[in-house]
1. Can you name every residue in the range 117-163 that is free of Cβ contacts under 8 Å to residues at least 60 places away in the same chain and in a strand (DSSP E or B)?
2. Within the range 229-258, track down each residue that is away from the ligand (no atom under 16 Å from the Cβ) and of a type in the set (Gly, Ala, Ser).
3. Identify all residues within the range 365-393 that are surrounded by fewer than 24 Cβ atoms within 10 Å (Cβ to Cβ) and on the phi > 0 side of the Ramachandran plot; write none if there are none.
4. List the pairs whose first member sits in the range 302-323 and is within 19 Å of residue 379 (Cα to Cα) and at pLDDT below 95, whose second member is more than 12 Å from the ligand (Cβ to nearest atom) and aromatic (Phe, Trp, Tyr), and whose Cβ atoms are under 8 Å apart, counting only residues at least 6 apart or on separate chains?
5. Looking only at the range 207-227, which residues are more than 12 Å from the ligand (Cβ to nearest atom), modelled with pLDDT of 95 or more and assigned to a loop (DSSP other than H, G, I, E, B)?
6. Which residues, taken from the range 344-395, are part of a loop (DSSP other than H, G, I, E, B) and within 15 Å of the ligand (Cβ to nearest atom)?
7. Whether any residue in the range 143-166 is within 29 Å of the chain's Cα centre (by Cα) and surrounded by fewer than 18 Cβ atoms within 10 Å (Cβ to Cβ) is what I want to check.
8. Could you name every one of the strands (runs of 3 or more DSSP E) located completely within the range 259-343 that has at least 1 residues being hydrophobic (A, V, I, L, M, F, W, C) and more than 16 Å from the ligand (Cβ to nearest atom)?
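The values are calculated or read from the model by the stated rules, or taken from the named source; none is laboratory data. It should be emphasised that the depicted structure is a prediction, and the values quoted were computed from it without experimental measurement. Virtual Cβ from ideal backbone geometry, glycine too; neighbours counted across all protein chains shown.
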Amino acid sequence: MARTVQDFSTIGTPSSDVTGADAASADVAVIGGGIVGLGIAWEAQRAGRTVTVIDPAPASGATFAAAGMLAPVSELHYQEEALLELTLASAARWPEFMASLPAEVETGFNTSPTLVLGADPADRKALADLRDVQLRHGLDVVPLTIREARAAEPMVGPHISCAYRVEADHQVDPRAMAGALRTQLLRSAVEQGRTEPEQTLVPQTAAGLLHAEAGNTHSAVTGVQLADGTEIHAREVIVANGLGAPQLAGLPEGLVLPVRAVHGDILRLRVPAHLRPLTTATIRGLVRGLPVYIVPRGDGTVVIGASSREDGSAGVSAGGVHQLLRDAQVLMPAVAELELLEMTARARPGTPDNAPLLGRVAGLDGRDIAGLIIATGFFRHGVLLMPIAALVARQLLGNITDLAWQPFRPDRFSPTLKPADSIGQHSDPTDNQHSKENP
Ligand SMILES: Cc1cc2nc3c(=O)[nH]c(=O)nc-3n(C[C@H](O)[C@H](O)[C@H](O)COP(=O)(O)OP(=O)(O)OC[C@H]3O[C@@H](n4cnc5c(N)ncnc54)[C@H](O)[C@@H]3O)c2cc1C
């Protein structure tokens with residue numbers, strides 16, 4: 001029976017086609033169905049490739065917890081200038097990425113501004129110092145009086161010390177976005193005429209990479225071996241499984257992927273009807289030096305986050321929850337009247353320089369290993385950075401190397417792996433922006 005566009009009921013559940021001994025195949029296999037893997041898969045698919053996303057529990061990792069702030073300006077950290085270039089480029093790409101999805105798709109993408117608030121005088125000083133840095137980078141951060149801030153958002157508490165408006169920092173709902181991308185991947189596979197569209201989302205665990213020469217992890221990557229032994233053959237494999245990436249078998253010998261778990265506690269609360277909207281802008285604040293934010297969702301809930309801890313504990317921290325509720329109430333006292341719906345903890349995939357591990361990997365001869373792209377280590381910014389990660393992957397799939405993204409090469413922490421010329425084998429130093437793709 002021909003599958004119709006609406007007939008998705010059986011897709012995404014294990015099928016004999018993908019769990020049997022026979023190998024499946026796609027142009028691009030993506031390991032990991034978090035926001036990054038799904039975004040990359042969608043970009044590759046809309047460039048005309050068949051894709052297979054492998055994940056036993058899509059969007060259950062950091063994506064499940066994320067607040068979804070798209071905030072390159074208010075999240076600027078000292079000494080992260082290279083990362084700023086990437087975050088700004090990705091923020092600029094969000095509208096274009098959204099335009100690639102049908103208009104009716106629910107993603108929570110919202111271009112309302114961000115209000116940045118300080119609680120005490122020390123917070124005011126810290127935010128003023130940060131604004132100096134933001135202005136030096138040409139970023140727009142507008143000081144408001146307390147009266148102006150409360151006029152814009154009447155639920156802001158009266159005892160704050162300072163306020164700024166950041167017009168450029170927006171938000172999306174990562175869970176809704178991930179769901180929309182999965183639906184779209186399946187719909188588009190059907191429209192592409194893929195004979196087995198269920199192979200677009202394979203609900204299994206990837207065990208490792210397949211190579212052209214067995215035992216030679218510097219030979220071309222030709223596919224993925226699943227935990228049950230099934231093989232998925234692909235011309236290109238994208239490793240996008242967050243903190244799980246270093247555990248994959250068959251990664252190039254010498255490749256160091258230094259991702260570490262930075263846990264965050266985060267809360268979902270319902271705003272009672274008489275308090276709606278609690279806020280229309282995203283509220284970010286410093287309260288006695290600790291960051292806290294309140295992100296409004298279209299369904300009358302808000303997200304309050306997030307703690308940051310490296311204690312290795314995957315459960316929700318009582319201290320983290322206490323701190324978030326206490327500090328959020330300083331910025332918006334009505335938070336005390338909300339209904340607590342959910343407490344979640346997940347780990348951000350942190351890296352030593354807080355920047356992602358994104359791109360191809362050099363083999364021992366200095367040439368990039370064919371068929372392999374890494375996209376992990378997105379730390380605090382994976383949602384924000386998804387569209388640029390998707391673009392970089394699409395360029396690499398088309399044999400295009402943009403020199404701007406070389407600082408994020410995934411082999412930069414691997415002393416034994418050095419690209420032949422510090423810019424990668426495919427690079428052409430005379431042409432920073434190749435425009436032609438070779439599918
Ligand atoms: C509390 C909190 C708040 C955050 N807020 C924001 C925010 O406001 N804005 C922002 O930009 N970022 C935010 N982040 C960061 C953001 O969530 C991450 O950077 C982003 O989710 C990383 O996406 P990912 O797809 O790389 O990883 P993940 O979302 O962790 O997804 C990895 C996927 O890989 C799968 N997987 C793992 N191993 C395997 C395997 N062997 N085979 C197959 N699949 C596998 C997992 O099931 C998972 O679905 C926040 C993070 C946290 C924890």
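1. Listed by number, the residues that qualify are 142, 143, 144, 162, 163.
2. 254
3. Selection gives 366, 371, 379.
4. Close Cβ pairs satisfying both conditions: none exist.
5. Within the range 207-227, 212, 213, 216, 217, 218, 219, 220 meet the criteria.
6. Within the range 344-395, 351, 353, 354, 355, 356, 377, 378 meet the criteria.
7. The answer is no; no qualifying residue exists.
8. Hits in the range 259-343: 282-287.
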